[in-house]
There are 2 protein chains.
Amino acid sequence: MAIANPYLLFLGDAPDQLAAKTADGVARWRRDWCVGQLRLDGCKADLGLPDKSLEEAAAEGARTLIIGVANRGGRFAASWQETMLKALDLGMDIASGLHNKITDLPTVAARAKELGRSLHDVRHPTREFEIGTGDRRPGKRLLAVGTDCSIGKMFTALALEKEMRARGMNADFRATGQTGILIAGDGVSIDAVVSDFVSGAVEYLTPANDPDHWDVVEGQASLLHPSYAGVTLALVHGSQPDVMVMCHEPTRPHMRGLPNRKVPDIQDCIVAHEAAARVTNPDAKVIGFSVNTSAMDRSAAETYLKELSDRFGMPAVDPVRMGVGPIVDLLG
Amino acid sequence: MAIANPYLLFLGDAPDQLAAKTADGVARWRRDWCVGQLRLDGCKADLGLPDKSLEEAAAEGARTLIIGVANRGGRFAASWQETMLKALDLGMDIASGLHNKITDLPTVAARAKELGRSLHDVRHPTREFEIGTGDRRPGKRLLAVGTDCSIGKMFTALALEKEMRARGMNADFRATGQTGILIAGDGVSIDAVVSDFVSGAVEYLTPANDPDHWDVVEGQASLLHPSYAGVTLALVHGSQPDVMVMCHEPTRPHMRGLPNRKVPDIQDCIVAHEAAARVTNPDAKVIGFSVNTSAMDRSAAETYLKELSDRFGMPAVDPVRMGVGPIVDLLG
C-alpha cells in the first residue's frame, strides 16, 4: 500500500486522549513524518504537535491525512467527511485505521477517484495472498510475542527497530496491525485476512532479504489466548523468527477480554511459542523479556525485572523505563 | 444455512471420478438423502446412483441441486447455468462447494431471487461471528486431528458419528469444510472465515448441549502444517475437545503441498495437539488413531496398526478396513 508521508494527523472531535490512541502512536514513533495535528471543535485530545489547518498542512507538503481516532458509534460525522473532501481537493491522500471504511463513503470515494487520490483503509487488506509454505528465507527475523493481547508487542518492536538503527544495524519494523501500518507506512492487518492465507500474508510481509537484515515483526495476541491464538500461530509460522522477545505485564488481573481467565505463566508461554516457531525455524528461541512495569514503582519494577532475568538467564527490560539495549546486545 | 434435502447430485461434465469427489462424499455418507445423479454429455464420473433428469428428480421431491464437482478453469459453463436455471424453475434450491460463487452469476442469482429459492455457496460463510471466548460449554466434543492435511479427518468423524448413532449415542457430525457441509446440510467453512473470528465460528458451530451429547467435529489441516496451522489452532481452541482422534497416513512421502517437508512424527503431533487443546479444556487428550492404510496390504496394515497401538497404548484402526468400533468403545 505504501502510505505517502508527511502526514497530517486528524483527531476529529475525540472525546479524550484514548480515542486518539492510533494518532498518538504515529506521533510518538514518526514525529518527523508529521507536519501537525488537525482538531475539530470540541476535541479533547492533544498530541503536542502544532495545530494546522488543512491549507497550512498542504502548503507544508503534507501528502496524507491520517484518520487516527476512534469515531463514535461507528459512523463518520458529516464534519469529518467535509474535512476529508477538502483534504482530497488540496492534494492529499487519506489513510484510516478504523473498522468503517472510507471507501464506503460514496462522496469521498467518488472525489478520490475523480482526483486520482489514494484511500487507505489499513484494517482491510485489499490484495490477495498466496498460501504459506514455511520454506526458509534468507535474512533474519525477530518477532515480538506475548503472554496476552495489548501488552506492548508493537511498542517493543518499534523500540527495538529504533535502537537497532541507532547502532547502524539493518532493521525494518514490519507492521501487522492498523496502528503499526500507519507508523510503518505499509504492512498487513493480519487479523482481517481470511484464515487460510494468514501465514502466506506474513511470508509476503517478511520476504527474503540480505543476510544481515532484520525484520522486526509486530506480534499479535498470544498462542495461549483462546480468542485469537490462530492468528498468532500463523504469524509465528509465517515469520519463521530466529529470535522472539516475550512481552508481559505483571499486574494484569486477567487476560484481555476474558475476565475468567488468568494471564498464563510466562514459562508456559515460552514453551508454547518456541515449540510453534520451531516448525518453520528449528533454531527459534525466546531471548529476552519486554515488560510493561508502568503499574509498579521504580524499585518494585527493578526487583521484578531482576528476578525474571535471573529465573530465565535472559535480559528483562521495561522498554519505556530503560530501553531495549540489553536485548539488542544479543543481536550483534 | 440448513440445506434442504433430498438432493440431486450434479456431476456436470466431470472429466474423471476425482473431479466429482465432493458429490462422491455426499453419496457415500448420505445416500438416503440423494434421489439420484445428473450427468451432462461427456461426464466420466459415476456415483452408482440412478441417473435422473431435473424433471424426474423434482417429481421425486428433490429440494436441492448439489454442485458437487470441480469446474474447469474456475468458470461455470453455459450448460451448467442452463441446468441451474431449470432447477430453480422446478422448485429446487442450489448448493455448491466450489470456490466460484453461484451468487456471482447474475442470471442465476436474479432467477433465485425472483422465485424465492436459496443459493448456498458453502465455501463462503455469509454470517458474522463473535470473537471466541474459550469459556467451557456443557456437552461433549470429539475432534478429528491429524499429522497432515487431507488425511481422513472428515471420513473419520463421519465414521465415528455413524458408529455412535448405531449404538444409540447422541452424536452429531459438525462440518468445518465444504464437502462436510454438504453432507451435514449445515456447518461453517472455517478456512474462509476472517482469522480473528475462527475460534468464535467454531464455538458457534459446537454450542452448549446436553451433557450426554457428542459433537463429532471435522478437523482441518494440522498444528504442524505451516500453511494452515492457524486455522487448526482456532479449531482446537474453539471446539474445546474432550477427546481427539489422530488421523494419519503412514506411507505419505511429504506433507501435502510441501515437497520439502516430511510428515511429522506422530508423537510430536500428539504433544502439540494436546498442549493446544488444554488451553480451553484441561482434560483434553488424544485417545486413538485413525489410519488410512489403503497403500499397504492387509498384513502390513495389521502389523502397522498393532505396533502403533502398542507404542501408545491406544486403539489404532483403519476406519475403512475395520471400522472405528474400538475408539467408540472408549466414549461410553
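The values are calculated or read from the model by the stated rules, or taken from the named source; none is laboratory data. Just so it is clear, the model here is predicted, and its values are computed rather than measured. Positions of Cβ are generated from backbone atoms using ideal geometry, with glycine treated the same way; all protein chains shown enter the neighbour counts.
Results for (1) in contact (Cβ under 8 Å) with a residue 60 or more places away in the chain; (2) under 18 Å from B:A157 (Cβ atoms); (3) among the hydroxyl-bearing types (S, T, Y), shown as yes or no for each residue.
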site: B:T232; (1), (2), (3): yes, yes, yes
site: B:M244; (1), (2), (3): yes, yes, no
site: B:E249; (1), (2), (3): yes, yes, no
site: B:M255; (1), (2), (3): yes, no, no
site: B:A275; (1), (2), (3): no, no, no
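Got at least one residue in the range B:211-234 being surrounded by fewer than 23 Cβ atoms within 10 Å (Cβ to Cβ) and either within 22 Å of B:G97 (Cβ to Cβ) or polar (S, T, N, Q) (or both)?
Step one: of the range B:211-234, the residues surrounded by fewer than 23 Cβ atoms within 10 Å (Cβ to Cβ) are B:211-213.
Adding the requirement that they be either within 22 Å of B:G97 (Cβ to Cβ) or polar (S, T, N, Q) (or both) leaves none.
Looking for residues that are surrounded by fewer than 23 Cβ atoms within 10 Å (Cβ to Cβ) and either within 22 Å of B:G97 (Cβ to Cβ) or polar (S, T, N, Q) (or both), one finds none in the range B:211-234, hence no.
Only one of (1) in a loop (DSSP other than H, G, I, E, B); (2) in contact with a strand residue (DSSP E or B) (Cβ under 6 Å, 6 or more places away or on another chain); (3) closer than 22 Å to B:S195 by Cα fails for A:H273. Which number is that? Single failed check for A:H273: (1). Pairing residues of the range B:136-157 that are more than 16 Å from B:V324 (Cα to Cα) with residues that are in a strand (DSSP E or B) and of a type in the set (D, E, K, R), at Cβ distances under 8 Å and at least 6 apart in sequence or on separate chains, gives B:G139/B:D215; B:K140/B:D215; B:R141/B:D215.
Hey, could you check the range B:246-263 for residues that are in a strand (DSSP E or B) and either more than 8 Å from every other protein chain (Cβ to nearest Cβ) or of a type in the set (G, A, S) (or both) and say which is farthest from B:V286 (Cα to Cα)? Selected residue: B:M255. The combined condition, being over 22 Å from B:T303 (Cα atoms), within 12 Å of another protein chain (Cβ to nearest Cβ) and modelled with pLDDT of 95 or more, is fulfilled by B:V271.
When A:L38, A:L54, A:L47 are screened for being outside the structural domain of A:F155 (by TED's automatic domain parsing) and closer than 26 Å to A:E218 by Cα, only A:L47 passes.
Scan the range B:215-237 for residues that are in contact with a Leu (Cβ under 8 Å, 6 or more places away or on another chain) and small (G, A, S) and jot them down. Once the filter is applied, which keeps residues that are in contact with a Leu (Cβ under 8 Å, 6 or more places away or on another chain) and small (G, A, S), the range B:215-237 yields B:G219, B:S227, B:A229, B:G230.
Would you tally the residues in the range B:118-133 being touching a strand residue (DSSP E or B) at 6+ places or on another chain (Cβ under 7 Å) and more than 10 Å from B:G200 (Cβ to Cβ)? Reasoning before the result, please.
Start the filter on the range B:118-133 by keeping residues that are touching a strand residue (DSSP E or B) at 6+ places or on another chain (Cβ under 7 Å), which leaves B:118-122, B:133.
Among the residues that remain, those that are also more than 10 Å from B:G200 (Cβ to Cβ) are: B:118-122.
Going through the range B:118-133 one residue at a time, the tally reaches 5.
The criterion of at least 3 residues that are of a type outside the set (A, V, I, L, M) and crowded, with 18+ Cβ neighbours inside 10 Å is met by the following strands (runs of 3 or more DSSP E) wholly inside the range B:1-117: B:7-12, B:34-39. Out of curiosity, is A:L308 more than 25 Å from the chain's Cα centre (by Cα) and among the aliphatic types (A, V, I, L, M)? In short, yes.
Within the range B:155-168, not a single residue is part of a loop (DSSP other than H, G, I, E, B) and closer than 22 Å to A:S227 by Cα.
Of the residues examined, A:A77 is one that is out of contact with any helix residue (DSSP H, G or I) (no Cβ under 6 Å at 6 or more places or on another chain), over 26 Å from A:S150 (Cα atoms) and at pLDDT below 95.
Number of residues in the range B:188-205 that are surrounded by fewer than 24 Cβ atoms within 10 Å (Cβ to Cβ) and under 20 Å from B:R278 (Cβ atoms) equals 1. The set of residues in the range B:261-276 being out of contact with any Lys or Arg (no Cβ under 8 Å at 6 or more places or on another chain) and either surrounded by fewer than 20 Cβ atoms within 10 Å (Cβ to Cβ) or of a type in the set (A, V, I, L, M, F, W, C) (or both) consists of B:K262, B:P264, B:D265, B:I266, B:Q267, B:D268, B:C269, B:I270, B:V271, B:A272, B:A275, B:A276.
If you check B:S227 against the conditions, is it more than 9 Å from chain A (Cβ to nearest Cβ) and small (G, A, S)? Working first, answer last.
Values: more than 9 Å from chain A (Cβ to nearest Cβ): no; small (G, A, S): yes.
Spelling it out, it is not the case that B:S227 is more than 9 Å from chain A (Cβ to nearest Cβ) and small (G, A, S).
For the range B:207-238, how many residues are part of a helix (DSSP H, G or I) and polar (S, T, N, Q)?
The qualifying residues number 1.
Within the range A:125-139, the residues that satisfy the criterion of being under 20 Å from A:Q178 (Cβ atoms) and surrounded by fewer than 19 Cβ atoms within 10 Å (Cβ to Cβ) are A:T126, A:R127, A:E128.
For A:D191, are the conditions met, namely being outside the structural domain of A:I66 (by TED's automatic domain parsing), in contact with a strand residue (DSSP E or B) (Cβ under 8 Å, 6 or more places away or on another chain) and assigned to a helix (DSSP H, G or I)? So A:D191 fits the description; yes. Consider the range A:161-185 and keep the residues that are over 17 Å from A:D121 (Cα atoms) and within 16 Å of the chain's Cα centre (by Cα). The one that is farthest from the other protein chains (Cβ to nearest Cβ) is A:K162.
Restricting the range B:186-208 to residues that are in contact with a Lys or Arg (Cβ under 6 Å, 6 or more places away or on another chain) and farther than 14 Å from B:V231 by Cα, which is farthest from the other protein chains (Cβ to nearest Cβ)?
B:A208
Of all residues in the range B:36-64, those satisfying the criterion of being under 30 Å from B:A166 (Cβ atoms) and in contact with a Phe, Trp or Tyr (Cβ under 7 Å, 6 or more places away or on another chain) are B:A62, B:T64.
Please work out which one of (1) crowded, with 24+ Cβ neighbours inside 10 Å; (2) away from chain A (no Cβ under 14 Å); (3) within 17 Å of B:V271 (Cβ to Cβ); (4) β-branched (V, I, T) is the condition B:V243 fails and give its number. So the condition that B:V243 fails would be (1).
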